[in-house]
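First the structure, in the form of structure tokens, and then the observations on it.
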Amino acid sequence: MQKHASIVTAVGLLLTSSAAILATHVTIMPASAHEDHRHFSAGEPGDPKKPARVINIKMFEGSGKMGYEPARIEVRRGEQIRFVLQNEGEEDHEFILATATENRKHAEVMKKNPDMEHDDPNAKRLLPHGNSELLWKFTKRGTFEFACLIPGHYEKGMFGRIIVR
């Protein structure tokens, strides 16, 4: 009888442990909705020990529109840029650097997780009147996009282009 009780206890512990592992996995899933953070289509995080050109980016909203100033930037392949981000608005805004396709895909994830915050090498979320910086090295030629993917913001014009020559 004692052997039977030990088996029941062991099975109970196994089920409890499995449930805890599954619960943890489910809890982690929304965070893993981000794209693979080891892969960046627009280049790579910058090196703070190397020189960088500074580009000031203002985020704003008003009159039913949202946007960035400037909304179009040209850089050279291999160039390192220090984006100085300033949210001049009354709402949270983001600066997410990727391809337009990747941003649209991530925007769909954001609709399901609107409170998802970004503080990644290629993405920052700023509080109203907040500021931050993003250091980036553009290693690939092409057209990339920076965007605010908080639901409704992209649709109101909150995106810009970076052309890498």
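The values are calculated or read from the model by the stated rules, or taken from the named source; none is laboratory data. Being a predicted model, the structure only gives us computed values, none of them experimental. Cβ placement follows ideal geometry from the backbone for every residue including glycine, while neighbour counts extend to all protein chains displayed.
Could you look through the stretch 90-102, keep only residues that are of a type in the set (Asp, Glu) and in a loop (DSSP other than H, G, I, E, B), and pick out the one that is nearest to Leu126 (Cα to Cα)?
Asp92
Is it true that some residue in the stretch 75-89 is more than 12 Å from Cys148 (Cα to Cα), surrounded by 11 or more Cβ atoms within 10 Å (Cβ to Cβ), among the acidic types (Asp, Glu) and modelled with pLDDT of 95 or more?
yes
Please identify the pairs in which a residue from the stretch 64-75 that is in contact (Cβ under 8 Å) with a residue 60 or more places away in the chain has its Cβ atom under 9 Å from the Cβ atom of a residue that is polar (S, T, N, Q), counting only partners at least 6 apart or on another chain.
Filtered contacts from the stretch 64-75: Pro70/Asn56.
For the stretch 50-89, please list each of the strands (runs of 3 or more DSSP E) lying entirely inside it that holds at least 2 residues being over 18 Å from Thr143 (Cα atoms).
Once the strands (runs of 3 or more DSSP E) in the stretch 50-89 are filtered for at least 2 residues that are over 18 Å from Thr143 (Cα atoms), what remains is 53-62, 65-69, 80-87.
Just one of (1) of a type in the set (Val, Ile, Thr); (2) within 15 Å of Glu145 (Cβ to Cβ); (3) over 19 Å from the mean Cα position of the chain (by Cα) trips up Ile96, so point out which.
So the condition that Ile96 fails would be (3).
Collect the residues in the stretch 59-75 that are farther than 19 Å from Gly130 by Cβ and out of contact with any strand residue (DSSP E or B) (no Cβ under 8 Å at 6 or more places or on another chain), keeping them in residue-number order.
Ser63, Gly64, Lys65
Could you run through the stretch 84-114 and say how many residues are in contact (Cβ under 8 Å) with a residue 60 or more places away in the chain and within 18 Å of Arg165 (Cα to Cα)?
Final tally of qualifying residues: 2.
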